[in-house]
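One structure is given here, and the rest of the page talks about it.
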Amino acid sequence: MFFRARQWCTAATVVLAIAHSVSAVKTQVIRGVSVADQKLYMPDESGYWACLGNKDILIPISRVNDDYCDCPDGSDEPGTSACADGKFYCQNKGHVPGLLASSQVNDGICDYEICCDGSDEWAGFVKCENKCREMAAERQKREAEINRIQIEGWNARSKLVTKAASLKTGLLKEQAQIQTQLKLAKTRLQNAEEAVKLAELDSSMRVGKKGDPYLERLKERIVEYQLAKNAMLEHIAIIEDRLAISEEILKNLKEEYNPNYNDEGVKNAVKAYSALMESPLIDSGYEELVSHLSDASDGELFKEEAIEDDPDLVDYNSYIPIQWRVWIHNKKQELVDFLVNHGLLAARNTSEAPTVTTAKREIAEAKDQVTELEIKAENLNNDISGNFGDDDVFRALSGDCISSESGDYTYELCFNSKTVQKPKNGIQTVLGTFDRLEGNKLYFTQGLKCWNGPHRSTTVEMRCGEKNKLLSVSEPAMCEYMFKIMTPAMCTPPVTADNGKIKDEL
């Protein structure tokens, strides 16, 4: 019994030792792994661990960070440089954590920008001091400056937005004024065109003397002819009605007549015809008017008679409706043009009446005014509907220019206008005229053409700044320039955290 008890104690000791070993393994901290990801490296009860990207591959937990790459995804070597695609986690207490490429672990170089705590050189080939405190202080200082710029830039942008809104209101007011002026100018042009027609008609019409007896007699005869014409038309209408009724009577007689009998149809037709013939015509004075016209000779209208001298003149146009005058004038002009164009009539060089010349001058001035106003209206419409960014903020920068010296040149950017290159001695070169705004970039195109190359162009990258400033100029490709600037127009509202500090939104 003593032997069995001793045997049982030995077995229990072994089991406890194994459990303690497994427990120790489970609580082991894996180098190069964040605290949050340590749970991913817990082995199973047998002490085996599965590759993170290949769960079918199991290796003993002791082979993690053994400087040999067992997993295709390199997840078994987070703390060494054995796997090419691995990442080493730097805790950097007191500062921002970082991820370093595994190839840079234990390479004898202190990578402070990512691992300020020097943990990447754990093998001791080189001693890297912990600089996280100094770098954290520097970062806080930098963030404070960024936050200051963000706040100042946002305040400056708010002023630009107010200015842009005022400018647009002014443009809309000007647009309304231009539309009113354009409407009046078009009316003026229409009136001028009518005035030319009337002036041409007036200059082409015959002028007679006031009190001309022929003219008065002509007017009276025209009235007489009009009355006679109306009476004649009325008489013709009555006759046409009688003819239609007679035709209907004869038609019925033809259809109903039976010569073998004393037919009632014949009797009715005869009775109706008799009644029609007995009805008198309406007396419209037709016979009297027509006889009066036939008694008068048209020659009387043009008979020579004595005329008293009277210096006052009267225009025959007062007796002719305007639409008739225009029609007669146009037809006359068409005939003259036809005869001249076909060589049947020689073109005449006649001096233009002063009234016509004045009216044509008015047309020319009215046309110029309409054209000028239409161009202004189109430019205003394009300006009002143009893309000037959120809140129309870039509208407020129109006319503002920033510049910077680089080598032998001064480079200048004028918002919504152009980019130029100015040599210290010589003529400036236009690098592009404003084309469009897209996101945080301005595009300037169709600059001066390069010799044996394309037209120059400029791309402007923008970021938030408390004021407009040209930071750098480069030429990444032939005749293609890159400007980097800062401007309040790109600033966004400062965002505060729960503790009241400004977050870094840049």
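Relative to the present Cα-Cα distance, how much length would full extension add between Ser274 and Ile238 at 0.36 nm per residue of separation? Mind showing how you got there, number by number?
Details: separation 36, 0.36 × 36 = 12.96 nm, distance 1.71 nm.
Extending this stretch completely gives an extra 11.2 nm.
Ranked from highest to lowest mean number of other Cβ atoms within 10 Å per residue, what is the order of the peptides 45-51, 440-446? Provide the component values of the computation, followed by the final result.
Numbers: 45-51: 15.0, 440-446: 16.9.
Result, highest mean Cβ count within 10 Å first: 440-446, 45-51.
Note the full-extension length gain between Val96 and Glu129 as 0.36 nm times their separation in residues minus their Cα-Cα distance, in nm to one decimal. Don't skip to the answer; put the middle values down first.
On the way: separation 33, 0.36 × 33 = 11.88 nm, distance 1.65 nm.
Value of the extension gain: 10.2 nm.
Could you quote the convex hull projected area for the range 25-130, Cα atoms only and averaged over all directions, in nm²? Write down the numbers at each step before the final one.
Values: hull surface 25.9 nm².
Seen from a random direction, the Cα hull of the range 25-130 projects 6.5 nm² on average.
For the range 105-121, just list the computed ³J(HN,Hα) in residue order, Karplus coefficients 6.51, -1.76 and 1.60, θ = phi - 60°, integers in Hz, with x standing in for Gly and Pro.
So the J values, rounded to whole Hz, are 6, 6, 9, x, 10, 7, 8, 5, 4, 10, 10, 6, 8, x, 5, 6, 10.
Using modelled amide H (1.01 Å from N, peptide plane; none on Pro or chain starts), what sits under 5 Å from the amide H of Tyr481, excluding residues fewer than 5 places away?
Correct list: Ser457, Thr458, Thr459.
Based on the Cβ-Cβ distance of Thr187 and Glu143, what FRET efficiency does E = 1/(1 + (r/R0)^6) give at R0 = 56 Å, to the nearest 0.05?
Values: r = 65 Å, r/R0 = 1.16.
Once the sixth-power term is evaluated, E becomes 0.30.
May I ask you to compute the full-extension gain from Asn425 to Asp400, defined as 0.36 nm times their residue separation minus their alpha-carbon distance, rounded to one decimal in nm? Display every interim value, and only then the final one.
Numbers: separation 25, 0.36 × 25 = 9.00 nm, distance 2.40 nm.
My answer for the length gained is 6.6 nm.
Coordinate-derived values only; no laboratory data. Because the structure is a prediction, the values reported are computed rather than measured. All Cβ positions, even for glycine, are placed from backbone atoms using ideal geometry, and neighbour counts span all protein chains on display.
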